């Protein structure tokens, strides 16, 4: 299991995620997913999505609650696209942009976003109170008993979707 | 080699160069018989740029330098090796699109043209068709399209399908069903007599083009999620292995399914047994369309009930997930049927 270094902002973020996981799932030894779906349908998520649409952003929802513990969205504007995951565990988000070279970049600060759309989405997500996570953070592993019998998960799996393919 | 030099070289490769030693370069009708797939792919890649309008050519050049070229070469190599696949399999495996998609049709035609090219003119024509596809996709979207195509080309199931299609035909089957229609075989023989091996090769190429690019598309497009499964692939493909634990989470009566329900995970469940769920999952992976923005996920609508949503209502779509080890699992998904 990965350990976060002490005394860093990453450490604080990691701790806040662990707190949210415990609050949402109850226990990582015997997690209960019922709260996740309530949060995914909450006004916090719906208002953010509606707000992006009001700004002219086309939003495609690809969420399936069989595997997703986040609202999974594709935002499109003027030919540019951004992937957005809004966790149902707590106020954590993944904003991912695929560049012209095909590579993915995780947007953690609106002012450092690679495109205007990525900046717009990142700013809206941040203003709604979500923490924008980076790839290094979500690749950390934790102990978590899962329905398929495995006992470890990445934060990406615990926060967003049950997949080991992370963009 | 700079882009300018490369462009000049590939112009010359097509017989349109302006170098001082032009006389040594192949002319438009020069034979390219015996050129390797790698040579043909390079000619196609650079020739496509050369066929674009000047403004787009500069942008495409920049894209090549920023990583698109190696991905395009990887994807194109697969396209040229996949010309024996039927049209539906070519479209779904290499592009995640249907047979009626104009971009796929252009690229299919280009791949066939390049694979069967016998002259510089043939290769130039194929490159021009790729340029048409670039413009249809949009120059800004082209790198993403190429990145997705390269990822699909790396898919072990796609590679298996291509290799299978390239194996020599079974003589026992050929005795029953000729590879080419009889009239085409006569045409090939006649061309061989009249014009030598190159003409015969061109005739075969034309026959393949007719076989895989009929005037009207046939079968159910892979992207059409409203129609029931009707398309069958003529290529037998070894399906990816099933991720047993995850798959059983969506089969009633299994321990994994009980675990999911106990944990409160919303769980769609297949109607049938594990074996039936496996078959549906593998068929959905074979025929499904990629879910936008989601890596390694495909949806396929069977057009009939295949399982139940968490609330018990009927579902007809199977969503399939592939993990980083290539294993897949699926579950009923999507809108609930009335």
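Only the coordinates and a few stated rules stand behind these numbers; no lab work does. Keep in mind that what you see is a predicted model, and the values were worked out from it rather than measured. Glycine gets a Cβ as well: all are built from the backbone with ideal geometry, and neighbour counts include every protein chain shown.
In this label model, residue A:134 and residue B:37 are separated by 4.0 nm, measuring between points 7 Å along each Cα→Cβ vector.
In this structure, residue B:305 and residue A:165 have a Cβ-Cβ separation that, at R0 = 25 Å, corresponds to a calculated FRET efficiency of about 0.30. Per residue, the Cα convex hull of the range B:45-96 amounts to 91 Å³. Nearest 10 degrees is fine. How inclined is helix A:116-127 to the longest principal axis of chain A, computing both from alpha carbons? Approximately 50 degrees, to the nearest ten. Modelled spin labels at residue A:8 and residue A:38, positioned 7 Å past Cα toward Cβ, are 3.5 nm from each other.
Per the Debye formula on identical point scatterers at the alpha carbon atoms of the range A:79-167, with no solvent, log10 I(q)/I(0) at q = 0.22 Å⁻¹ is -1.04. Using the alpha-carbon centroid of each, what span in Å lies between the range B:304-338 and the range B:239-280? Distance between centres, Cα-based: 10 Å. The eigenvalues of the Cα gyration tensor, multiplied by 5 and square-rooted, give the range B:53-138 an equivalent ellipsoid with semi-axes of 21, 16, 13 Å from largest to smallest. Temperature 37 °C, viscosity 0.692 mPa s: under these conditions the Stokes-Einstein estimate for the range A:17-67, based on its Kirkwood radius over C-alpha pairs, is 256 µm² per second. Cα-based values for the range A:105-156, radius of gyration first and Dmax second, are 14.7, 43 Å. The peptide list B:151-159, A:109-117, B:295-303, put in order of mean Cβ contacts within 10 Å with the highest first, becomes B:295-303, B:151-159, A:109-117. From the P(r) of the range A:29-134, can you give the percent of Cα pairs sitting at distances over 21 Å? Looking at the range A:29-134, the distances longer than 21 Å represent 30 percent of pairs.
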